[in-house]
1. Considering each of Asp338, Asp400 in turn, give the residue that is under 30 Å from Leu73 (Cβ atoms) and at pLDDT below 95.
2. Would you pick out the residues in region 217-248 that are surrounded by 15 or more Cβ atoms within 10 Å (Cβ to Cβ), modelled with pLDDT of 95 or more and either in contact with a Pro (Cβ under 9 Å, 6 or more places away or on another chain) or in a helix (DSSP H, G or I) (or both)?
3. With (1) exposed (fewer than 13 other Cβ atoms within 10 Å of the Cβ); (2) in contact (Cβ under 8 Å) with a residue 60 or more places away in the chain; (3) under 30 Å from Ile293 (Cα atoms) as the list, and Gly191 as the residue in question, which single condition is left unmet?
4. Look at Arg346 and say whether it is under 20 Å from Ser68 (Cα atoms) and basic (Lys, Arg).
5. Which condition number in (1) touching a residue at least 24 places away in the same chain (Cβ under 8 Å); (2) loosely packed, with under 13 Cβ neighbours inside 10 Å; (3) closer than 30 Å to His212 by Cβ is the one that Phe294 fails?
6. Could you list, in sequence order, all residues of region 107-131 that are touching a residue at least 40 places away in the same chain (Cβ under 8 Å), surrounded by 15 or more Cβ atoms within 10 Å (Cβ to Cβ) and part of a loop (DSSP other than H, G, I, E, B)?
7. For Ile34, work out the one condition from (1) within 20 Å of the chain's Cα centre (by Cα); (2) assigned to a helix (DSSP H, G or I) it doesn't fulfil.
Amino acid sequence: MTGPLAGIRVLDMTSVLMGPYATSIMGDMGADVIKLESPEGDLIRQVGPSRSGAMGGMFMHANRSKRSIAVDLKQPGGRDVALRLARTADVLVYNLRPQAMERLGLGYEDVAKARADIIYVGTFGFGQDGPYAAKPAYDDLVQGLCAVPALFAEAGDGTPRYAPINIADRVVGLHALAAILAALRHRDRTGQGQRIDVPMFETMASFVLGDHLGGLSYEPPLDQGGYPRLLAPERRPFRTADGFLCAVIYTDRHWQRFIDIAGREDWRDDPRFASHASRTHHMAGIMESVAEIFAGRTTAVWESVLVAADIPHARMHTLESLLQDPHLAAAGFFPVSDHPTEGAVRTMRVPSRWSASQPEPTRPAPRLGEHSRELLQELRLPEAEIGRLLSTRAVICPDD
């Protein structure tokens, strides 16, 4: 293994997206990530088309740079394998509810007996000090609890809806990654392992309210909260005469130049445009007027005009056109590689660029249990014991 996390081993007991997303980044950075799956496999394997039927695109992108072992944790032999793997790991990440980990005999105290300095990280729905502690959680539910659909309703036609990406899973996954890296640094300095809980609800609440708490930050409140610029109904790609264009007219300089382009000299003396604060307060009405102006010219004309005025703008991509973006093409962002079961597969490059220890994917997403035998052998189990674990299906190996 190479990369900045070479030498770190992660026992990844997560499924679906939040935990796998965090650990895939660690794998790209050189960590040895062992994905411990149930005999049925990670549910996300079945999401979306795949040539084998068990390697959907979302699974592949969130589980590259990992090895897979399939273990029945309800069997004593399976639990023993998990603890043996934990003994070799620097980090254990799970996304079952903590109560379920306790019932499996894999709670923090159990695992810390196997390795005292392990970083034991739970990514689950709710913090354990409130009444929601035992509740299940999914991305949609957490979005709802954190007011995301309500914000869509306020900014749109009054209809609440979820963001069309798994925003809670991915935001919380990134928070979990940051926590893991900081805990490893703490252990480097002190030799001390620890338990870390990264709850979805609290993490997403801080993410959303960082933008929208506004006047509710004060006691007594100064307003009802919400960032007017983000909630303006016309804060959307502008319809042009022949398509759509994204533009951000933000600074005083941007607005002075846009007033010239639009021929709206009356706006120079309009108090709504006097400062960033006043424009933000009146953003809904301002953006409605700007949208009318954009509708009068073609996308190409607007691009030419906005380039000359140095006003930030971009074309609105679809998923298909994003794959053809000239900047991403020049950066080699979408390499195509051969997967053992899926054939030619488009992947995504690690987005950050490093001068000394560039992270790179180390292997494609694994088949269910692809590395079971290999990992049991690394634990130095006798062949007879390996045979018993496989024959009783405490551990699953697709080639046995």
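1. So the residue among Asp338, Asp400 that is under 30 Å from Leu73 (Cβ atoms) and at pLDDT below 95 is Asp400.
2. Listed by number, the residues that qualify are Leu245, Ala247.
3. The single condition Gly191 does not satisfy is (3).
4. Against the criterion (under 20 Å from Ser68 (Cα atoms) and basic (Lys, Arg)), Arg346 does not qualify.
5. Tallying (1) touching a residue at least 24 places away in the same chain (Cβ under 8 Å); (2) loosely packed, with under 13 Cβ neighbours inside 10 Å; (3) closer than 30 Å to His212 by Cβ, Phe294 fails exactly one: (2).
6. Arg115, Ile118, Gly125, Phe126, Gly127
7. With respect to (1) within 20 Å of the chain's Cα centre (by Cα); (2) assigned to a helix (DSSP H, G or I), Ile34 is out only on (2).
Each row is one residue, and each column tells you yes or no for (1) under 25 Å from Ser391 (Cβ atoms); (2) free of Cβ contacts under 8 Å to residues at least 40 places away in the same chain; (3) surrounded by fewer than 19 Cβ atoms within 10 Å (Cβ to Cβ).
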position: Asp28; (1), (2), (3): no, no, no
position: Arg67; (1), (2), (3): yes, no, no
position: Thr88; (1), (2), (3): yes, no, yes
position: Tyr94; (1), (2), (3): no, no, no
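The values are calculated or read from the model by the stated rules, or taken from the named source; none is laboratory data. Please read all numbers here as calculations on a predicted model, not as lab measurements. Positions of Cβ are generated from backbone atoms using ideal geometry, with glycine treated the same way; all protein chains shown enter the neighbour counts.
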